[in-house]
Amino acid sequence: MSTGTLLAIILPLLAVVIVIATAAYVVARRRRLRERFGPEYERTVEESGSRRVAERELSEREKRHDALDIKPLEGRARDRYSREWTSVQGEFVDRPEDAVQDADLLVTSLMHDRGYPTEGFEQRVRDLSVEHGRTLEHYRSAHEINKLSMRHEATTEQLRGAMVHYRALFDELLSDGGQARHARA
């Protein structure tokens, strides 16, 4: 068999192997991102209008997150935060708007103490999405209600909902939620 004939056989086979390997990599990467980000994956795809752009964005979030020094809380700090949350919940009865604003501040403080940067809501959401993608909708909902609350436009039922939403993220951050799962993976 001539060299030309061998090349005519080998090059197309090599191209097919490269295409299959690339497709397998893309599928595996997509699956990993979906598992890691949960509902945030589809939300990012929808917002960007492109799966490729969204996956690039999510990968950038992972890189930024990996550079952060996210750490679990020590026992005393965890107990202090639990007491503070109980106090904020108790405040809700007499001052629901203040309680929601205090819940927001408490969650932000907890994020800071865990090692998350806290500069601006959208950046906080992006940073949290890497390990806490399944609770982000709670955080977004609570944040929107808090904004209404600051303008005195939220109903008591909305404020109650905000407390429930803040509590979901608070509990996960307090217990090291996604961080502990990712460390074992």
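The values are calculated or read from the model by the stated rules, or taken from the named source; none is laboratory data. Remember, it's a predicted structure, so these values are computed and weren't measured experimentally. Neighbour counts are summed over all protein chains in view; Cβ atoms, including those assigned to glycine, are modelled from backbone coordinates with ideal geometry. Ligands, DNA and RNA are stripped out before the accessible areas are found, and what is left, the full protein with its side chains, is counted by its heavy atoms. Shrake-Rupley method; radii C 1.70, N 1.55, O 1.52, S 1.80 Å.
Brief remarks on what is shown
- For the options 44, 86, 135, a Gaussian network treatment of the chain with springs between C-alpha atoms closer than 10 Å singles out 86 as fluctuating the most.
- Subtracting the Cα-Cα distance of residue 80 and residue 24 from their residue separation scaled by 0.36 nm leaves 15.4 nm.
- Counting only Cα atoms, the chain measures 89, 37, 22 Å along its principal axes, largest extent leading.
- Local net charge near residue 101, Cβ-Cβ under 13 Å (Lys/Arg +1, Asp/Glu -1): -2
- Entry comment: accessible area of the stretch 1-53 is 75 Å² per residue, from protein heavy atoms only and a probe of 1.4 Å.
- Of the residues 138, 143, 152, ranked by 1.4 Å probe accessible area with the largest first, the sequence reads 152, 138, 143.
- Sulfur and carbon atoms: percent of accessible area, the chain [1.4 Å]: 56
- Mean accessible surface per residue for the stretch 57-179, computed with a 1.4 Å probe while every protein chain stays in place, in Å²: 49
- Computed over the stretch 37-111, relative contact order equals 17 percent, with contacts defined as Cα pairs under 8 Å that lie 6+ residues apart.
- Segments 31-39, 4-12 sorted - mean Cβ within 10 Å per residue, highest first: 31-39, 4-12
- When 40, 91, 84, 47 are compared by accessible area at a 1.4 angstrom probe, the order from most to least is 47, 84, 91, 40.
- At 1.567 mPa s and 4 °C, Stokes D of the stretch 1-58 from Kirkwood alpha-carbon radius, µm² per second: 96
- Rounded to the nearest 10 Å², the accessible area of residue 27 at probe 1.4 Å: 80
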